[in-house]
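For reference, the structure discussed in these notes is given below.
FYI, it's all coordinate maths here, none of it is from the lab. Bear in mind the structure is a predicted one, so any value in this text is a computation, not a measurement. FYI the Cβ positions are ideal-geometry reconstructions off the backbone, even for glycines, and counts take in every protein chain you see.
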C-alpha cells in the first residue's frame, strides 16, 4: 500500500495556518518576499523511486511523512544521520495576492548538492552546486493552493564539485574517492517566493575608487535591469541622486534613479547613468557615476568598517545594497589597505557544526566570528567553497578581510581540462561572485586549492579561470592555494601556475622559512599569503608542542617582510570521512573544539597574532605599561585602541608599526589589563 494520500481541504487549511515560516515581508517598494521556511514534510529516497512513482504530483503528499524544519540538514537529523543519496522535501502553501504587472520567483539560498524542483506537478528547474543561491521564474504557475516538491541529492562522483578524483598515479584509490569534508545534504539555507514588478533590478554592482590624497571617492554603479513590461522600451537618462529626472529617464511613467546613504542619511551627489534603451523581454545595464566629497568619505578598514548603502529604483522596483569604500594595492610584495601596509593572521573555518552541520545559523556564526575577531584572525582564506552571506555581512560590519574560494579542491589534470567540469565550476564561481561582489570584506577571489598546478592543465586552469573571474570583477585580486609552488622542482616562474595570480597563496606544513624563501626566489615581485599552516592536536604529545610549532612558524613569517598573512588550518575541529580522520569522525586541527571551547592554541594564537604587545616597565604602587605596535608580523596602524583594567578604560594615541606609548595606571600587583580594539574586541589580556 502506498504511503501517500491526498490531503483533505480541512487538513490543507490547518497546515497553511500553522506553518509559521510562511510570512510576508515587504523588503523594498514594489517587491515582496514571502518566506517558505518552517515546517516541510520529508522522505529519503535511497533506491530512487521518487520520480518513477511521481512523488512530485500534488496528490501524493502524506501526513505520514516525517516533518522537518527548513532550513534543514538531513545529515545531522538523527533520523537520517549521514545519509547519502536522494531525498525529497514537500511544502504546501497558499498563493499570495498578485497584481497585474508582477513576476514571481522561487528563491533558494542553497541546496546541497543537486536539486530538481516541481511546482504543482510541473518540473520547473534544476540546479547543481551546494553553496550558492538560485532562482526559478514561477510567474503564472502559482495557484490558490500550491505543492512544492524538491528532490535533493548529496551523493558525489568524479563529475561533482566537490567530488572524487579521476584515476591518478599520485593517490591511492581509497583517498581519491573522498574529499575531506562531510557532504552535508538538504535545503540548508532559506527558501522564499519573491515578487517583483515586471520591470525590475536584477543585480547591482558597486565599485569604489578613493583618492587618498584628496580624500574624495569615485563611485561607479552598474544596475542590471530586466524588462518584462509591455512598454516600447525603457530609456535611462541622467538622474539626480534624489530621484528627480534630469534629462529624460522615463517611458510611460517609468523612472530609473537612485541615492547613496551613509549612516541612514542620503548624500546629495548626482548619479550620472549612461543612456541605454532596454526593449521588452530584454535585459540591459544602467551605469551611474558620482564623486563623493572629502567630507562624505569614510574609508573602510579592519578597525573602522564604515559602510554605505546604494538604493536604486526602476519604475516601481527598489533595490539596495551595502558597500564600503577602501583602496587595495599590491606593491613591492606588500598589501596596502588605504595606503598603509597590513599584515595579518587569519583562519580557515570549515562549514561544520555538531548540531547544525552546514546550515551555519546566526547563533553559530556570531560566536565563531567574535572568537576569530578577538583572536586577531582578520585576514582569512575562510573556506574551500562559498560561505553564507551572513558571514560576509558580519565581516563587513566588524572588519574582517576575506579571500573567497570556489570549489576546485584537488581536481585532477583530467578534470581541469574537461569542458563540462570547467562549465560547472564557472557556474558556481559566477553565482558566488555576483552574489558577493559588493562586500568590502572580500579582497580576493581564489580559483582553487591544492591541485596539480605544475602541470599544463593546472597552468591552463589558473590562466583561464583567472581571466574568467576578472571579467566579472576586476576590482579584486586573484589567487589560488598552491601545495606545489614551494617545492624544489619549481625553479622558474613558468614552472607553476602562480605566474598568473596577483599574489601567491601557499599551504605549507613545516620548514616554513625555507619554503617561503624558495617561493620568494622564484617570484620576487609577488606577496605571499600562507593560506594554510598548522599542526593537528592528535599528532603531538601535548598542546605545548603545538604552541612551539606556532612560535617557530611565526619566527619565519617575521623574517620575511613579503608575507602579508598567515591562515591557520583550522579554526575548529571538523567532521570528515577522509582517510586519516579519527575514529570519532573528526580531524582535530582546531584552535577550538567542535563545541567551540578554546584550546591552549587559541590563547597562544591570540598573543602571537596581536598587532601590539604590552609590557610592564615599573610597578611601585602604580603600574607603568608600554604598549608597542608590532613592526614585523602582524602589523598595521593602531587607531582608537584602548587599554582596559578594573572597569576603567584609557585611550591610546595612534600607533604606527614600531611606535610605543607608555601609560601609568592606578593598579597594583595581580591586575588584569586588556588591549581592546575598536568595536570592543578584547585581543590581548595580561596579568601584571
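Brief remarks on what is shown
- Estimated 222 nm signal from helices in the chain, with DSSP H stretches of n ≥ 4 weighted -39500 (n - 2.57), rounded to 500: -5000 deg cm²/dmol
- Counting every other Cβ atom within 10 Å of each residue's Cβ, 519, 665 order from fewest to most as 665, 519.
- Between the stretch 55-74 and the stretch 153-214, the C-alpha centres lie 25 angstrom from each other.
- Beta bridges by DSSP in the stretch 545-688, antiparallel share as percent, to the nearest 5: 95
- Per-residue Cβ neighbour rank within 10 angstrom, fewest leading, 660, 192, 380: 660, 192, 380
- Taking a quarter of the surface of the Cα convex hull of the stretch 353-465 gives a mean projected area of 7.8 nm².
- Seen against the Cα atoms of the chain and their longest principal axis, helix 456-472 is set at about 70 degrees.
- Peptide packing for 179-190, 529-540 was compared via the average number of neighbouring C-beta atoms within 10 Å per residue; ordered from the highest value, the list is 179-190, 529-540.
- Cα centroid separation - the stretch 323-344 against the stretch 129-150, whole Å: 42
- Modelled spin-label separation between residue 289 and residue 649, with each label point placed 7 Å from Cα along the Cα-to-Cβ direction: 4.3 nm.
- Segment residue 672-residue 389, extension gain: residue separation times 0.36 nm, minus the distance between their alpha carbons: 98.2 nm
- Spin-label model distance (nm) - residue 597 vs residue 95, 7 Å beyond Cα toward Cβ: 5.5
- Taking Cα atoms only, the orientation of helix 9-18 departs from the longest principal axis of the chain by about 20 degrees.
- For the pair residue 224 and residue 460, a Förster radius of 35 Å applied to the C-beta separation gives a FRET efficiency near 0.70, rounded to the nearest 0.05.
- Global geometry of the stretch 340-608, whether rounded, prolate or oblate, following the gyration tensor of its Cα atoms and the 1.5 cut on a/c: rounded
- Note on the chain: antiparallel DSSP beta bridges, both residues inside, total approximately 80 percent of the bridges counted.
- As a proxy for reagent exposure, ranking 664, 671, 290 by other Cβ atoms within 10 Å from fewest up yields 664, 671, 290.
- Taking the longest Cα principal axis of the chain as reference, the axis of helix 389-398 is set at about 40 degrees.
- Cα gyration tensor shape of the stretch 280-381, rounded if a/c is under 1.5, else prolate or oblate by comparing a/b with b/c: oblate
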